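Presented below is the structure to which this report refers.
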Amino acid sequence: MVERIPLGIKNFDRLVEGGLPKGSATLIAGTPGTGKSIFCLQALYYNAMKGRTCLYVSFEQSAEEIKEQMRQFGWEFEKSQPHFKLLATDYNDPTFFTQLMTEVKVRKFDMIAIDSLASVIIDPFEVFGSPDFGMAKLLKAGNILPMDMSTLGRLKVKKIIELVKASGATTLLVGEVVKDQTGRSMSRDQVSDFLSDAVILLQHNPTAGATNRTLTLEKMRLTSIDDLIHPMQITQNGIEIKG
């Protein structure tokens, strides 16, 4: 029987047989402003309040900005302690990759959220400033570069996903999507949707009236899911799946 981790997002868990498979990596995909970060914060706060150890990694907001965002939905960071840890930094911080690896390997987290994978591929030379991986190491070694920027970016994303999956934590990965020539949505990094065990697509169409926000389960291993487009709303208490 598959052990599942509920997210506590109203009406979501019933769509996935009670929760995400424990230890799985789920890509929360969408364009900017679709609620990806809120989805992750809500899930981690819920689980931290249930006593599970959670780590939220942000490259785009400071810890204080994240706490303020949580307060807007009534999620008091202080009440979630000591189970909820924030690791927020600029992706150019040369010590960040070491910090992340140490946290994930030394402390046993039940849930991890990485926000976002787009920041992983921004720096063309190093992974979070680490000289142990990336183009900087190749240049210092005098090697002929065997890959282009896009390939290196995909390797960075692969490295991060492998790190969190190896820890055994149930992981949420925030990623941006783009449309291919056929109109199909795909991850901007072109690899996270294939490496992830599940893909949840969030969309926002301001012209669609009451159903301008939606959630679609693109895939989820070990889980029976539908292929419906589910109306979604961001309320003062967080995300709700309608219906």
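For residues in segment 166-183 being farther than 18 Å from A113 by Cβ and either within 16 Å of the chain's Cα centre (by Cα) or in a strand (DSSP E or B) (or both), which is modelled with the lowest pLDDT?
The first filter runs over segment 166-183 and keeps only residues farther than 18 Å from A113 by Cβ, leaving 178-183.
Among the residues that remain, those that are also either within 16 Å of the chain's Cα centre (by Cα) or in a strand (DSSP E or B) (or both) are: 178-179.
Working: V178: 74, K179: 62.
Residue satisfying both the conditions and the ranking: K179.
For the criterion of being of a type in the set (V, I, T), surrounded by fewer than 23 Cβ atoms within 10 Å (Cβ to Cβ) and in contact with a Phe, Trp or Tyr (Cβ under 9 Å, 6 or more places away or on another chain), T53 passes.
Of all residues in segment 28-43, none satisfies being more than 23 Å from Q236 (Cα to Cα) and in contact with a Lys or Arg (Cβ under 8 Å, 6 or more places away or on another chain). Residue-level analysis places L27 outside the set of residues that are in contact with a helix residue (DSSP H, G or I) (Cβ under 6 Å, 6 or more places away or on another chain), more than 25 Å from V178 (Cβ to Cβ) and either part of a strand (DSSP E or B) or of a type in the set (S, T, N, Q) (or both).
Any idea which of (1) within 20 Å of the chain's Cα centre (by Cα); (2) at pLDDT below 85 is the one A141 doesn't satisfy? It is condition (1) that A141 fails.
Restricting to segment 96-138, and then to whatever is of a type in the set (V, I, T) and in contact with a helix residue (DSSP H, G or I) (Cβ under 8 Å, 6 or more places away or on another chain), can you tell me which residue is modelled with the lowest pLDDT? So that I can check it myself, show each step before the final result.
Within segment 96-138, the first condition is being of a type in the set (V, I, T), and the residues that meet it are 98, 102, 104, 106, 112, 114, 120-122, 127.
From the residues that got through so far, the ones that are in contact with a helix residue (DSSP H, G or I) (Cβ under 8 Å, 6 or more places away or on another chain) too are 104, 112, 114, 120-121, 127.
Values: V104: 90, I112: 98, I114: 94, V120: 72, I121: 71, V127: 49.
My answer is V127.
Checking S187, S196 one by one, the residue that is at pLDDT 90 or above, crowded, with 22+ Cβ neighbours inside 10 Å and within 14 Å of I114 (Cβ to Cβ) is S196 and no other.
Output the residue which, of all residues in segment 31-61 that are modelled with pLDDT of 95 or more and touching a His at 6+ places or on another chain (Cβ under 7 Å), is nearest to Q99 (Cα to Cα). Among residues in segment 31-61 that are modelled with pLDDT of 95 or more and touching a His at 6+ places or on another chain (Cβ under 7 Å), the one nearest to Q99 (Cα to Cα) is C54. When residues in segment 184-243 are screened for being in a loop (DSSP other than H, G, I, E, B), touching a residue at least 24 places away in the same chain (Cβ under 8 Å) and charged (D, E, K, R), 6 of them pass. Quick check on segment 230-237. Is at least one of its residues surrounded by fewer than 16 Cβ atoms within 10 Å (Cβ to Cβ) and either closer than 19 Å to G18 by Cβ or of a type in the set (K, R) (or both)? Scanning segment 230-237 turns up no residue that is surrounded by fewer than 16 Cβ atoms within 10 Å (Cβ to Cβ) and either closer than 19 Å to G18 by Cβ or of a type in the set (K, R) (or both). Taking segment 64-107 as the search range and keeping residues that are basic (K, R) and within 22 Å of K36 (Cβ to Cβ), which one is surrounded by the fewest Cβ atoms within 10 Å (Cβ to Cβ)? By that ranking, first place goes to R71. Taken together, E64, E17 contain a single residue that is under 26 Å from T102 (Cβ atoms) and charged (D, E, K, R), which is E64.
The values are calculated or read from the model by the stated rules, or taken from the named source; none is laboratory data. Quick caveat, the model's predicted, so the values are computed rather than measured. All Cβ positions, glycine included, derive from the backbone under ideal geometry; neighbour counts span all protein chains shown.
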